[in-house]
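Novice: Can you read through this structure? Questions will come right after.
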Amino acid sequence: QVQLVESGGGLVQAGGSLTLSCAASGNIFSINRMGWYRQAPGKEREFVADIFSGNTNYADSVKGRFTISRDNAKHTVYLQMNSLKPEDTAIYYCSLVDYASYWGQGTRVTVSS
């Protein structure tokens with residue numbers, strides 16, 4: 001099994017920055033896609049960004065503000081968030097997909113205006 005542990009969430013003022021990290025452990029297939037999703041109160045979970053085989057993808061709402069990266073040796077994915085807006089407030093979930101899909105417990109990000 002694979003375990004994902006997110007960290008780095010917190011409270012930040014609008015316009016500020018925050019970096020999330022997610023460390024994976026367990027029986028991980030070497031070729032895998034890692035990414036970030038978020039869910040705001042009363043909203044459905046939405047895609048934020050992912051990274052696979054050197055390629056990155058971003059939701060339009062975060063493009064140009066967020067950057068996803070990974071350290072394959074450490075099985076860790078990062079999400080650098082800049083120019084944060086109140087609408088970025090959500091619980092952020094890390095995901096890993098190889099032959100199965102795995103999710104972290106989530107880390108809360110709150111952006112005040």
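Novice: Highest GNM mean-square fluctuation, the chain, Cα pairs closer than 10 Å: which of 78, 102, 92?
Specialist: It is 102.
Novice: Here is a further query. With a cut-off of 8 Å between alpha carbons and a minimum separation of six or more residues, what is the relative contact order of the stretch 1-112 in percent?
Specialist: So the answer I get is 37 percent.
Novice: A further question follows. Under 29 Å between alpha carbons, and skipping anything fewer than 8 positions from residue 43 in its own chain: which lysines qualify?
Specialist: Excluding near neighbours in sequence, the set is 63, 85.
Novice: Whenever you get a sec, line up 47, 66, 52 from highest to lowest accessible area (probe 1.4 Å, protein heavy atoms).
Specialist: 52, 47, 66
Novice: Would you work out which of 42, 64, 113 lies farthest towards the positive end of the dipole of the chain, given +1 charges on the beta-carbon of Lys and Arg and -1 on that of Asp and Glu, about the Cα centre?
Specialist: 113
Novice: What are the equivalent ellipsoid semi-axes of the chain, built from the alpha-carbon gyration tensor (square roots of five times its eigenvalues), in whole angstrom, biggest first?
Specialist: Taking √(5λ) for each eigenvalue gives 23, 14, 12 Å, largest first.
Novice: Rounded to the nearest whole Å², what accessible area per residue is found for the stretch 1-82 with the 1.4 Å probe?
Specialist: It amounts to 57 Å² per residue over the stretch 1-82.
The values are calculated or read from the model by the stated rules, or taken from the named source; none is laboratory data. These figures come from a predicted structure and were not determined experimentally. Heads up, the Cβs are rebuilt from the backbone with ideal geometry, glycines too, and the neighbour counts pull from every protein chain shown. In case anyone asks, the SASA skips ligands and DNA or RNA and just uses the protein heavy atoms, side chains included. Shrake-Rupley method; radii C 1.70, N 1.55, O 1.52, S 1.80 Å.
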